[in-house]
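Working notes for the structure below.
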Amino acid sequence: MDSERHGPLAGFTIGVTAARRADELGALLQRRGGSVVHAPALRIVPLADDTELLAATKELIDTVPDVVVATTAIGFRGWIAAADGWGHGEELLACLRGVELLARGPKVKGAIRAAGLVEAWSPGSESMAEVLDRLLGEGVEGRRVALQLHGEPLPGFVESLRAGGAEVVVVPVYRWMPPEDLAPVDRLIDAVVSRAVDAVTFTSAPAAASLLARAGDRGRLPALLDALHHDVLAACVGPVTALPLQARGIDTVQPERYRLGPLVQVLCTELPGRARALPVAGHRVEIRGHAVLVDGELRPVPPAGMALLHALTRRPGWVVSRAELLRALPGSGRDEHAVETAMARLRTALGAPRLIHTVVKRGYRLALDPAADSKYADA
């Protein structure tokens, strides 16, 4: 009921690291009630500036391969367009017409057919592992295989083919680079560290690696990893994207189908599932990232108020001292009056002042319903 009224992501803030299709992903998240922090962790080097692609293209035209593996639609289209710009477009198309052309998924198939070509095969799983299994099953001894890279090397793939006796030519169609403006990435890193976001989405492995590298450059990598380990959800579009995070011991979630829509659906399940719901003063209180649902009504809460609320809910029904609450406040200093000010604003934001009791000379407590006292007594 509440998710129907406000959207399943209402009250949650999600970081988006994508450089490509970021607007589409952001719109999907916002349509479901989420707040979005966009920080592109990468930029793509223009194809026409990439001399390695030109050299690989000429090599393939001069010595036609047996197999070409196309991995991404944008990469394949860009390759054809770049070759055309260099005056080698027709030669490349003629080359590709005479080879076994494998497409990683349906979008790549569409790009191949738009170029007037026809793929020989495409895996149902859209997985490069299935492509590799097919090639090795057919036998690659003495065969020349061209692999269109999708922004990063595929060392396991290439090594397996070479171990099977293939000659592998890599085609670096576009190159990932750090963004020219690092300020948004730095703000996202700081937001993750301070737990001001609830999840971060990754749609490519280079984006994940870039975010980790930038945090390392700023001396914030340990704090970033701690946040991702314990509090901030890392959501990846697929298993390859998750590898740089998993190498650091970060647990990730990912959809069964490697698409933006299913990625958003995973968040719509995972984030509400992490929200804590408590019976307080006759109300149902569900605590989300930057907002609280009180009897199904979404109540935005300022950061200081959320800090106090989280401190109170760690021991629901127990008295929490002003000194402890002061330590929970971001940048509050030593004046306990800051707790009183933030608490007043929190009560106003919640719209139900009796949710939090003042215990004279001791502190504050959540007014947990009596029936729930035993359940949360050891929380």
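The values are calculated or read from the model by the stated rules, or taken from the named source; none is laboratory data. Fair warning: this is a prediction, and the values are worked out from it, not measured in the lab. Cβ: placed from backbone, ideal geometry, glycine included. Neighbour counts: every protein chain shown. Ligands, DNA and RNA are excluded from the accessible area calculation, which covers all protein heavy atoms including side chains. Shrake-Rupley method; radii C 1.70, N 1.55, O 1.52, S 1.80 Å.
The figures follow:
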quantity: Rounded to 5, percent antiparallel among DSSP beta bridges of the chain; calculated: 45 percent
quantity: Per residue, the convex hull volume that the Cα atoms of region 149-235 enclose (Å³); calculated: 115 Å³
quantity: Net charge of neighbours whose Cβ lies under 15 Å from the Cβ of residue 160, counting Lys and Arg as +1 and Asp and Glu as -1; calculated: -3
quantity: Stretchable slack from residue 58 to residue 180, in nm (0.36 nm times residue separation minus alpha-carbon distance); calculated: 40.9 nm
quantity: Extension gain from residue 5 to residue 336, taking 0.36 nm per residue of separation minus the Cα-Cα distance; calculated: 115.4 nm
quantity: In range of the label at residue 217: residues from region 235-255 whose backbone nitrogen is under 19 Å from the point 7 Å along Cα→Cβ; calculated: 244-245
quantity: For residue 115, net neighbour charge (Lys/Arg +1, Asp/Glu -1) across residues whose Cβ lies under 14 Å away; calculated: +1
quantity: Sites residue 187 and residue 130 - FRET efficiency at Förster radius 25 Å, r taken between beta-carbons, to 0.05; calculated: 0.05
quantity: Computed Rg/Rh of the chain, alpha carbon atoms with Kirkwood Rh; calculated: 1.11
quantity: Accessible-area composition of region 239-379, carbon plus sulfur, in percent [1.4 Å probe]; calculated: 52 percent
quantity: Residue 194-residue 243 pseudo-label distance in nm [points 7 Å out on the Cα-to-Cβ vector]; calculated: 3.5 nm
quantity: Ranked packing of 32-43, 55-66, most packed first, by mean Cβ within 10 Å; calculated: 32-43, 55-66
quantity: Accessible area per residue in Å² at 1.4 Å probe, computed on the chain; calculated: 46 Å²
quantity: Projected label distance in nm at residue 91 and residue 170, using a 7 Å step from Cα toward the beta-carbon; calculated: 2.4 nm
quantity: Cβ-Cβ FRET estimate between residue 253 and residue 159, R0 fixed at 25 Å, reported to 0.05; calculated: 0.30
